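Read through the structure below, which is laid out as structure tokens, and then see the notes.
No value in this document is a laboratory result; all are computed from the given coordinates. These figures come from a predicted structure and were not determined experimentally. We place every Cβ from the backbone using ideal geometry, glycine too, and count neighbours over all the protein chains shown.
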Amino acid sequence: MSNEKQTPKAEQASAEPSPFLSSPLPEGTPQGQQQTLKEITQETAIPYYNLPRGAGRDDYVGETTHFGFSTISTKDKEQKVAHVFHSVAKKYDLMNDLMSFGIHRLWKRFAIQMSGVRKGQHVLDIAGGTGDLAKVFSREVGPSGRVVLSDINESMLNVGRDRLIDAGCGNVDYVLANAESLEPFADNSFDLVTISFGLRNVTDKDAALDAMYRVLKPGGRLLILEFSKPVFEPFSKLYDLYSFTALPVMGKIIANDAESYKYLAESIRMHPDQRTLKGMMENAQFQNCDYHNLTGGIVAVHRGFKV
Ligand SMILES: C[S@@+](CC[C@H](N)C(=O)[O-])C[C@H]1O[C@@H](n2cnc3c(N)ncnc32)[C@H](O)[C@@H]1O
């Protein structure tokens, strides 16, 4: 893990191998321990991060993809997303509260209510970052249940792991994994799979939905909490103004990183709207798919079942 302070907690957290892993965890230099500098674009040189197995594929989505409003080489996207979240990890929770005026907590609470999670269940939170959902799921499933907090980014996962261990969550595993493959996890393992504000960062969303379907048990459900398309046009204009002006300024002041928050605003606009995402879930074989708009469609919770 990335610094000495965290080692004892890491040992404490990984005393038992996770019952969900289909194979040993990937090895290699963690993210945040940069190896070489790589020219990612003409203008910026960003560090090169090692990513979990299954990352860096361009076999499905073609040679180019979007990163916010920019078109970039597909193989560079995960590096650039990794850089964003490595850069913001320590200030992520504070920024979330400030940017959403605390409303993200209500969105998450709604998603948790829709999850129908019960004692003894097995839950996977993908792109779980600093662990807001996993912390609640840990309490809800109780000692007989198990929660996996998973993320592609070690900096984010470190913050989440420290936070949840401090909160006494003893039934949580912490696993680096790419949502596109969920390679460490065996088929039919989880009663509930969630991804909150993570899917829009994933390069190949169809592959990610297929992987989520694979790891769900029959009868299990998927919940996707994500920014979406506001339903009321005048509100949409105001929201654009806020996102493209205020967010980068707040990012600069709080996290000393305007670019990452510019990416946040752009990536929200590039994400599939409510109906498109529902169709993508159906293509991945999910049944009885539906969605609920929150705060006028700024955010939506999509739900689907593996039958
Ligand atoms: C905006 S944060 C959301 C964190 C948390 N789920 C929440 O709701 O606060 C997005 C997270 O997605 C993760 N992420 C981005 N691409 C990913 C991928 N391909 N696989 C898994 N996680 C990914 C990032 O590392 C980051 O932690």
State, to one decimal in nm, how far the label point of Asp97 lies from the label point of Ser144, with both points 7 Å from Cα in the Cβ direction. 3.6 nm
Hits among lysines - C-alpha to C-alpha of Lys278 under 17 Å, sequence gap 8 or more where chains match: Lys205, Lys229, Lys306
Sticking with the crude label model, points 7 Å out along Cα→Cβ, report the distance from Asn171 to Phe232 in nm, one decimal please. 4.1 nm
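So what is the orientation-averaged projected area of region 179-281, using the convex hull of its C-alpha atoms, in nm²? Could you put the intermediate results ahead of the total?
On the way: hull surface 30.8 nm².
Averaging across all directions leaves 7.7 nm² for the Cα convex hull.
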Note the full-extension length gain between Ala258 and Ile72 as 0.36 nm times their separation in residues minus their Cα-Cα distance, in nm to one decimal. 65.0 nm
